[in-house]
Each structure stands twice: as structure tokens, then as C-alpha cells.
Amino acid sequence: MSVVERVISVNYRHQLHFTDCVFARDNPVLASVLVDAHPQPAAARVKVLLVLEEALAAARPELAPEIEAYFGAYSPRLQLVCPPIRVTGGEVVKNDWSRVVEILELIHRHHIDRHNYVVVVGGGALLDMVGLAAATAHRGVRLVRIPTTTLAQDDSGVGVKNGVNAFGKKNFIGTFAPPFAVINDFDLLASLSDRDKRAGYIEAVKVACIRDSEFFVRLEQDASALAAFEPEPMKHLIRRSAELHLNHIANGGDPFEMGSARPLDFGHWAAHKLEQMSGYRLRHGEAVAIGIALDVLYSVRQGLLARPAAERILSLLERLGFTLFDPELESVSASGELGVLEGLEEFREHLGGELTITLLSDIGRGLEVHSMDIRHVREALQDLEARHRARV
């Protein structure tokens, strides 16, 4: 018996652009991204299939014509193969496999190959679904993400994951495939509800808690302005959070999550379960806020995190407008156990390997544990409920 073994290294360029009014005719950012790295002769036109979130198109009726006019202005090099494809966003789009098939069929119909582009303009759920289709067509066509929610601009849109839900589990079907480029346009957040603007803040708090104490201090200083959705503090939050997420992907040593550690999933083991239990009534960001609060209080119960530090984190979440308790936390499963606790095993199964949960030893310092004391988890849930009842 003999074995031949080689280590294969693959380099990816991950580019993140910040701009305003990305589809204005005098803004060259998108056109430059699509053309500059293209290997075809200068005379060849680059084909683009563009998917646009329905809610954004409805809120901004001028946007779809503006997109068509943009590509018309760059028509010597760019070809929009059809008018923007309007697709429903939100978590519902990740619960319907037929949506992935629709995008695959469009890629096939319009002959989008590995040197052409799918551009997706929308929130994180739509980016996930379209990204899965792009990553599997021809074993991967080029994807450009233009995120349109705070959460997608400061976290999920910057990542290398694509996926949809299946078998009652979040992101059960998916791929790791870095996008060709991400373009953040702050102007596209203007039509969001306050609820959706706020939801994205949580990923900035998360990454500050585990990676950057100075950023956390800045969030504390800007909390009132952020709660009022003032533009400049929001832009700083989005940019720094996106940068920290991208730094982790590039420098964390495990961009495709082959190991068991997932520091950027701080607060997510409970959040994913809460989303599912609520029938996705809870937004992802709202569920993560509860999950972070739970893990912060659990860290205190375990003697890992000082109470003053925990209070700063919980206070910041509340000042930003998050509610840190939901009735689903009291729901009991068929086995007689609190339903949210089933999220621990589902989280381990989704990640593979041994259970790895990120907790805190201080603000800016995450640490990993491989087991959870259920008694202390229950006590942390009680602490969370007591805090909530004292505030209502």
C-alpha cells in the first residue's frame, strides 16, 4: 500500500468597496470591479445577471430603471442580460429550494459562465440564496454582492458563506465561496425600517466584544447617536465591523471552518434556535442580541467575566434598542426540556467536531469552551428574565 499526499494552497482576493450611490452613472466603482480584472479581450462585453430584492425595488421604484441606465452607460463593456430579476428577500427565501433552482435556470438561460457575473442587490438572506446558486452553477460563477441591510453590510455580506435552510435547520445546505467583490453603498440603507437598521448593530457589538475593546468603547460613546440612526456613527460602525470580520476571515487561519472553533458565532448557538422556534418572527439580529446577553450572563455565572464588564455589554445592547428576552426562551419541547437548550446539540452538529462555544473573559477577549454547564445556563436564563421584568 502506498499514499501520495500533497498540500494544496489556494489564494483568494477578497475586495470590499465603500461608496455612495453605486448606480449613479458617474460612479465607476461597479463598472471597474466588473471590467478591470476580466481576462477577455477588450472588445468583448462582460455579461451580468442582476438579482434585486423585491422589497427594496418596491420602496425605491426608481432603482430598477437606474440600474438599467447604469449598464446602458457602460454598454461598450458591460451587458445586462435582462432587466433586474426581482426576488422576495427575508428568511422566507432561504426556506424554499425552488428559489435556488430559479436562479440556476436564469444562469443557464442567459449563458452566464465562469468569466461573467451574477450581481445580487439585497439583504443577507437573498445574498445567501443567490450566492449558493452562483457557487454551484458551473462549479462557481463570479458573484458580486451589494448588501442593502446594516447586518449584511457589516457582517454577512462580507463573509464567504452561502446557504439555505433545510430539514428545519438553518443553513443546512450551503457552500464556502468567497465573493468576487462586495460593494457597500450606505445610500441603499435609507429605505430600511428602524427595526432592520438596528438589527445589524448586533454584529458590530459581537465582534467588538470578542476582538476590539477600543471599538466597543466607541460604540458606547456613539450609542445615543446610533439609536437615533445618525449617518456618520452608522457609517463608522459598518466600516469597522466589516473590517474586523474580513480580518478574521483573512487572518484567522480557518476561513472555510474546517475546525470546530467559530469565534464569530459568539451568541449564535441560542440565536439560531430562537429564530427557528419563533418561526423567524425574530430577526437574526434580534435573536443574536438575546443570545449574546445569555452567553454574557453565563460567562459571569462561570466566573469568567466580571459583572461590571457584563453590565456594560447588556447596557449597550439596551441603549441601542434591543430587547434581551423573548417568551420563546420559556418554551418547552416535546422531551420536556427547554427548547432553546436543544440549540447546543444542533449547533455542535452544524459545526461538526466537538462542541465549541465562544464566551468572554473581558470586553475584547473571547475564549473557547467545549462544554456548557446546563445548570448555569438555566440560571443565566433566569437572570435574563429577571432583568427583563425589572425593566417593563
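A few notes on this one:
- Look at (1) buried (at least 16 other Cβ atoms within 10 Å of the Cβ); (2) of a type in the set (Asp, Glu); (3) without any contact (Cβ under 8 Å) to a residue 40 or more places away in the chain and you find that GLU62 fails only one, number (1).
- Subset of the range 218-233 that is under 16 Å from ALA190 (Cβ atoms) and either in contact with a strand residue (DSSP E or B) (Cβ under 8 Å, 6 or more places away or on another chain) or not aliphatic (A, V, I, L, M) (or both) - its residue that is surrounded by the most Cβ atoms within 10 Å (Cβ to Cβ): PRO233
- Qualifying residue in the range 164-171 (condition: in the same structural domain as ASN184 (by TED's automatic domain parsing), closer than 17 Å to HIS272 by Cβ and at pLDDT 95 or above): yes
- Sole residue being at pLDDT 95 or above, touching a strand residue (DSSP E or B) at 6+ places or on another chain (Cβ under 8 Å) and surrounded by fewer than 17 Cβ atoms within 10 Å (Cβ to Cβ), chosen from SER315, SER331, SER361: SER361
- A single member of LEU355, LEU294, LEU274, LEU246 is touching a Leu at 6+ places or on another chain (Cβ under 9 Å), in a helix (DSSP H, G or I) and surrounded by fewer than 21 Cβ atoms within 10 Å (Cβ to Cβ), and it is LEU246.
- Residue check for PHE18: part of a loop (DSSP other than H, G, I, E, B), closer than 29 Å to GLY285 by Cα and modelled with pLDDT of 95 or more: no
- The helices (runs of 4 or more DSSP H) found wholly in the range 138-212 and carrying at least 1 residues that are in contact (Cβ under 8 Å) with a residue 40 or more places away in the chain, basic (Lys, Arg) and surrounded by 24 or more Cβ atoms within 10 Å (Cβ to Cβ) occupy 201-211.
- Scanning the range 100-131 for residues that are more than 18 Å from ASP155 (Cβ to Cβ), surrounded by 18 or more Cβ atoms within 10 Å (Cβ to Cβ) and without any contact (Cβ under 8 Å) to a residue 60 or more places away in the chain returns ILE103, LEU106, ILE107.
- GLU275 among the acidic types (Asp, Glu) and under 16 Å from VAL160 (Cα atoms): no
- Looking only at residues in the range 335-352 that are in contact with an Asp or Glu (Cβ under 9 Å, 6 or more places away or on another chain) and part of a helix (DSSP H, G or I), the one that is modelled with the lowest pLDDT is LEU351.
- All conditions but one from (1) modelled with pLDDT under 95; (2) closer than 26 Å to GLU318 by Cβ; (3) out of contact with any His (no Cβ under 8 Å at 6 or more places or on another chain) apply to GLU275; the one that does not is (3).
- Within the range 99-156, the set of residues being closer than 16 Å to LEU189 by Cα and of a type in the set (Val, Ile, Thr) comprises VAL120, VAL121, ILE146, THR148, THR149, THR150.
- Residues of the range 104-160 that turn out to be among the charged types (D, E, K, R), within 15 Å of the chain's Cα centre (by Cα) and more than 15 Å from HIS14 (Cβ to Cβ), as a count: 2
The values are calculated or read from the model by the stated rules, or taken from the named source; none is laboratory data. Remember, it's a predicted structure, so these values are computed and weren't measured experimentally. Glycine gets a Cβ as well: all are built from the backbone with ideal geometry, and neighbour counts include every protein chain shown.
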